[in-house]
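The values are calculated or read from the model by the stated rules, or taken from the named source; none is laboratory data. Small disclaimer: the values here were computed from a predicted structure and weren't measured. Here Cβ is always computed from backbone atoms with ideal geometry, including for glycine, and neighbour counts include all displayed protein chains. Heads up: the accessible areas ignore ligands, DNA and RNA and are worked out on the full protein's heavy atoms, side chains in. Shrake-Rupley method; radii C 1.70, N 1.55, O 1.52, S 1.80 Å.
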Amino acid sequence: MRLPTLSQIHDAQGVVYRSMAPTPQYSWPLMNIRLGTEAWIKHENHTPVGAFKLRGALVYMDWLKQSEAGVRGVVAATRGNFGQGVTMAARLNGLKAVIVVPLGNSREKNRAMLAQGAELVEHGQDFQESLEFARRLALDK
């Protein structure tokens, strides 16, 4: 695997910042004392989906749209934050997102994915079963 070039990193940054602002970072004095050094904490809970997962999803969806003519959607398995990121990125790129979660998954995470526009599918007793079903579903779509 080749590392991205500086130009590719700047391109990805542009893709991300079209849809979200930079994540706030703070240096907390008490934290610095406890750590024995100056630390800057990136507050991912301030992103549109409350997690860092959105950045990678935005860059991937942009790449997918450019490289796969006629792509209409994506399928993913998750228990929450990843699904929110995938769904928001898909929606912003005009794609459908089918998200597979295990039975009994967090109602709050499910509602958050639905609010982003996911087609939510509950399948399997655990993440592994959801993942395997999502893979089969992606092949069928």
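In this structure, does residue 62 turn out to be of a type in the set (Asp, Glu), open to solvent by less than 60 Å² (accessible area, probe 1.4 Å), in a helix (DSSP H, G or I) and farther than 21 Å from residue 135 by Cβ?
Answer is yes for this residue.
Consider residue 120 against the criteria (1) under 28 Å from residue 8 (Cβ atoms); (2) open to solvent by 20 Å² or more (accessible area, probe 1.4 Å); (3) touching a helix residue (DSSP H, G or I) at 6+ places or on another chain (Cβ under 8 Å); (4) at pLDDT 95 or above: it satisfies all of them except one. Which criterion is unmet?
(1)
Quick grid of which residues meet (1) assigned to a helix (DSSP H, G or I); (2) on the phi < 0 side of the Ramachandran plot; (3) surrounded by 14 or more Cβ atoms within 10 Å (Cβ to Cβ); (4) not aliphatic (A, V, I, L, M):
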position: 49; (1), (2), (3), (4): no, yes, yes, no
position: 55; (1), (2), (3), (4): yes, yes, yes, yes
position: 66; (1), (2), (3), (4): yes, yes, no, yes
position: 76; (1), (2), (3), (4): no, yes, yes, no
position: 84; (1), (2), (3), (4): yes, yes, yes, yes
position: 90; (1), (2), (3), (4): yes, yes, yes, no
position: 94; (1), (2), (3), (4): no, no, no, yes
position: 100; (1), (2), (3), (4): no, yes, yes, no
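Give me the pairs: first residue in segment 19-40 and touching a residue at least 24 places away in the same chain (Cβ under 8 Å), second residue among the aliphatic types (A, V, I, L, M), beta-carbon distance under 8 Å, and six or more apart or on different chains, which are they?
These pairs meet every condition: 19/54; 19/58; 19/88; 19/89; 19/92; 20/54; 20/58.
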